[in-house]
Structures are given as C-alpha cells and as structure tokens.
1. Enumerate the pairs (first residue in the stretch 326-346 and more than 19 Å from Phe216 (Cβ to Cβ) and outside any helix (DSSP H, G or I); second residue anywhere and of a type in the set (Lys, Arg) and open to solvent by 60 Å² or more (accessible area, probe 1.4 Å)) with beta-carbon separation below 9 Å, excluding pairs fewer than 6 apart on the same chain, so at least 6 apart or on different chains.
2. Can you tell which of Glu248, Glu268 is open to solvent by 40 Å² or more (accessible area, probe 1.4 Å), on the phi < 0 side of the Ramachandran plot and not in a helix (DSSP H, G or I)?
3. Just to be sure, is Tyr38 part of a loop (DSSP other than H, G, I, E, B) and either among the aromatic types (Phe, Trp, Tyr) or within 23 Å of the chain's Cα centre (by Cα) (or both)?
4. Kindly list, by first and then second residue, each pair from a residue in the stretch 63-81 that is on the phi > 0 side of the Ramachandran plot to a residue that is in a strand (DSSP E or B), limited to pairs with Cβ atoms under 9 Å and residues at least 6 apart or on different chains.
5. Name the pairs whose Cβ atoms lie under 6 Å apart, with the first residue in the stretch 218-233 and aliphatic (A, V, I, L, M), the second in a strand (DSSP E or B) and open to solvent by 20 Å² or more (accessible area, probe 1.4 Å), and 6 or more positions between them or separate chains?
6. Only residues that are in contact with a Lys or Arg (Cβ under 9 Å, 6 or more places away or on another chain) and either open to solvent by 50 Å² or more (accessible area, probe 1.4 Å) or of a type in the set (A, V, I, L, M) (or both): list them for the stretch 171-191, please.
7. Which one is farthest from Ser16 (Cα to Cα), of the residues in the stretch 199-245 that are basic (Lys, Arg) and outside any helix (DSSP H, G or I)?
8. For the subset of the stretch 141-179 comprising residues that are of a type in the set (A, V, I, L, M) and in a loop (DSSP other than H, G, I, E, B), which member is nearest to Ala313 (Cα to Cα)?
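The values are calculated or read from the model by the stated rules, or taken from the named source; none is laboratory data. Here the structure is a predicted model, which means the values were calculated and not measured. Cβ atoms come from the backbone with ideal geometry, glycine included; neighbour counts cover every protein chain shown. Side chains are part of the model used for accessible areas, which takes the heavy atoms of the whole protein and leaves out ligands, DNA and RNA. Shrake-Rupley method; radii C 1.70, N 1.55, O 1.52, S 1.80 Å.
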Amino acid sequence: MKKKILVTGTAGFIGSHLAVKLLQRGDEVVGLDNINDYYDQNVKYGRLQRAGIIEQLEDGNDIPYNKLLNSNKYTNYKFIKLNLEDKDAMMKLFEEQKFDAVCNLAAQAGVRYSLTNPDAYMGSNIIGFMNILECCRHNGVKNLSYASSSSVYGLNEELPFSTSHNVDHPISLYAASKKSNELMAHTYSHLFGISTTGLRFFTVYGPWGRPDMALFLFTKAALEGKTIDVFNNGEMLRDFTYIDDIVEGIIRVIDNPAKANLTWDKKEASTSSAPYKVYNIGNNNPVKLMDFITAIENKLGKTIEKNFLPLQAGDVPATYADVTDLVEDLGYKPATPVQEGINQFIDWYLDFFGYTQK
C-alpha cells in the first residue's frame with residue numbers, strides 16, 4: 001500500500017537517497033530541509049536537483065522559505081524549505097498534507113562540531129524533534145521513524161554494540177541529543193500511542209556523502225596531493241555502512257511500524273510495553289581505519305600522505321553493530337563490502353567535481 005510520507009532532511013545525505021527510493025517505488029513524498037550552511041551547500045542543492053527540485057533565485061542557489069515546490073522529475077514529490085524549530089509552519093504543513101508516516105532525518109550532524117557549536121544541536125535536534133512529535137500527536141500520525149546514532153553508545157566498550165546495552169554515558173553533545181530523541185520518542189509512544197522507531201546509524205558512507213566525513217575528506221586530500229589527519233594513530237575500528245544498505249533498512253522500518261510488547265523484558269532497552277523500538281543499522285563487520293584508507297588508495301591508484309594524531313575529544317576508538325534485532329524482526333542485514341562502496345563513492349566524486357582520473 002502506497003503511503004504519503006514526510007521525509008525531513010532531504011537535502012541531506014541519507015534523506016536525499018531515501019526520498020528517491022520511496023519515490024521510485026510509488027510513494028508520495030514531501031521533502032523538508034532548511035538547507036543550512038553547515039557544509040558546502042552546492043552538494044545539498046545537487047541532491048535536490050537529482051530529485052527534480054531545481055527552482056533557484058537569480059541571486060544564487062536560494063529556494064524560497066515555506067513554499068511547497070513541485071519536482072520536475074517525480075510527479076509524486078514536493079519539497080519545502082523549512083526549519084523544524086518553526087512550530088507554526090510545521091503544524092500547518094501537517095494539517096494540510098495529512099501524512100501517513102514521518103521519517104525524521106533532519107538534524108545538526110557531527111560529533112566534533114558539537115564541541116564548538118552546542119547551540120545548533122539544541123535547536124534542531126531537541127526543539128525541532130519536539131515539534132515533530134507534537135505535530136504527529138495533534139495530526140493523527142501514528143508511524144514515526146527517526147535518526148538516532150551509534151554515538152549514543154559513548155563510553156560503552158562492550159563489542160558489538162547491542163541495543164540492550166546501557167547508553168547513559170554519552171561523550172558528546174551530539175550523542176546526548178540523539179539519546180534524548182529516543183527518550184522523547186518513548187514518552188510519546190507511551191502517552192499517545194505513536195509508533196516510534198529509532199535508527200542508530202553506523203558510519204554511513206557512499207555517493208552524495210557529507211563533505212565533513214572521512215571518506216569525502218580523504219578522497220579530496222588524495223586528489224589534491226594533500227596530507228590527511230589520521231586520529232588515534234590509525235588505531236580505529238568503524239562499522240562502515242553503505243548508503244543503499246541504510247536506506248533499505250529505513251524503508252523496512254517505515255513499512256513495519258513498532259508494536260507494543262506486553263511481555264517485554266524490562267532489561268531490554270530497545271523495546272517497551274509502548275509501540276516503541278530502536279534498531280542498530282550497521283554492516284556488522286568493523287573495518288580498521290587504515291584498511292579503509294588503503295581501499296581509497298586502491299581505487300585512486302595513489303598513496304595518501306598521513307599525519308597521525310591522538311584520539312580526538314568526543315570520538316570513540318571502535319564501533320561495531322549488533323544487528324540481531326534487524327535480522328530477526330525485519331529479515332534484513334546490510335552487506336555491501338567496503339571496497340565496493342568506496343569505489344561507488346569515488347566514481348560519484350570524480351563525476352560531481354569534474355575530475356578526470358589519471
């Protein structure tokens with residue numbers, strides 16, 4: 001059954017891919033983003049143009065605020081530039097559009113940025129998410145999925161990370177904001193019967209990725225003959241997860257809203273007597289950072305100069321997703337090999353930025 005779905009963050013990395021996949025299968029999608037300048041807006045506008053949202057003003061890449069735009073590529077797609085913090089405009093959008101489901105992927109991203117710009121995280125990640133919950137509550141939307149993060153595991157050192165593990169010790173404000181989202185969602189599931197599912201993403205990468213992420217930074221530096229910073233002296237493990245695998249996991253969650261579990265184990269943090277659930281979405285196969293860099297070098301056919309540095313504040317040395325629940329509940333497990341995913345990203349990067357690989 002086709003749905004009318006609000007996807008927030010559709011000028012972003014994951015949101016843009018999700019919107020296209022939903023559109024291609026026939027769902028009606030309203031995309032929302034504030035198109036902020038956290039990173040290169042040309043990438044954000046490129047993602048929107050990929051889905052047929054191309055309206056620009058003469059003074060540059062600027063889409064009008066709070067105006068629904070039609071895609072010239074998908075008849076079932078509309079986009080609106082809007083801040084999640086703008087509660088009145090958000091409520092009006094919900095009242096007019098009558099969504100069947102909401103997937104909230106809009107957030108201020110980045111662990112390191114949260115160390116220097118904490119206010120940005122309170123606005124989008126806390127107040128904005130509160131508005132999403134209130135709009136769902138007052139407009140009868142009972143199916144909400146939302147982005148959490150593997151960063152919520154914080155000081156937990158037990159690998160692989162399981163949704164049953166304690167996540168009360170975050171080490172960045174970004175992680176704390178994501179854990180807050182899970183707690184807020186559970187409250188609304190309990191009080192108002194909204195099915196909420198949190199998605200703890202593990203190091204997502206692939207075409208149209210964020211310019212502040214490692215793969216983007218490393219590829220750019222390699223092509224420009226510059227040195228890359230390698231933290232914790234390269235002694236890092238990351239459960240790199242390809243974007244297509246992430247999107248498939250999200251769609252399965254949208255199609256299978258959380259259900260109340262009246263026989264739930266009170267030690268099981270990922271479920272509840274309310275219609276609430278949390279899943280890890282990761283590759284379940286952590287890769288050494290140095291092997292990840294080698295895969296980039298293999299694709300580009302060149303060695304990247306490296307500057308080895310200590311572990312940065314807010315970072316953890318290893319991530320590793322236990323995806324047992326994802327497999328058991330939804331019959332799905334991400335599986336794209338890292339070399340394959342990196343090859344896809346670099347092919348996109350060379351094309352988007354007009355490089356000719358030698």
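1. Gly331/Arg252; Tyr332/Arg252
2. Values: Glu248 fails: not in a helix (DSSP H, G or I).
Glu268 is the lone residue from the list that is open to solvent by 40 Å² or more (accessible area, probe 1.4 Å), on the phi < 0 side of the Ramachandran plot and not in a helix (DSSP H, G or I).
3. On the way: part of a loop (DSSP other than H, G, I, E, B): yes; either among the aromatic types (Phe, Trp, Tyr) or within 23 Å of the chain's Cα centre (by Cα) (or both): yes.
The answer is yes for Tyr38.
4. The qualifying pairs are Asn66/Ile80; Asn66/Lys81.
5. So the pair list comes out as Ile228/Lys306; Val230/Lys306; Val230/Phe308.
6. Leu191
7. First, the residues of the stretch 199-245 that are basic (Lys, Arg): 200, 210, 220, 226, 238.
Adding the requirement that they be outside any helix (DSSP H, G or I) leaves 200, 210, 226, 238.
On the way: Arg200: 18, Arg210: 12, Lys226: 30, Arg238: 23 Å.
Restricting to residues being basic (Lys, Arg) and outside any helix (DSSP H, G or I), the top hit is Lys226.
8. The first filter runs over the stretch 141-179 and keeps only residues of a type in the set (A, V, I, L, M), leaving 141, 144, 147, 152, 155, 159, 167, 171, 173, 175-176.
Next cut, in a loop (DSSP other than H, G, I, E, B) only: 141, 155, 159, 167, 171.
Values: Val141: 39, Leu155: 12, Leu159: 20, Val167: 18, Ile171: 8 Å.
The qualifying residue nearest to Ala313 (Cα to Cα) is Ile171.
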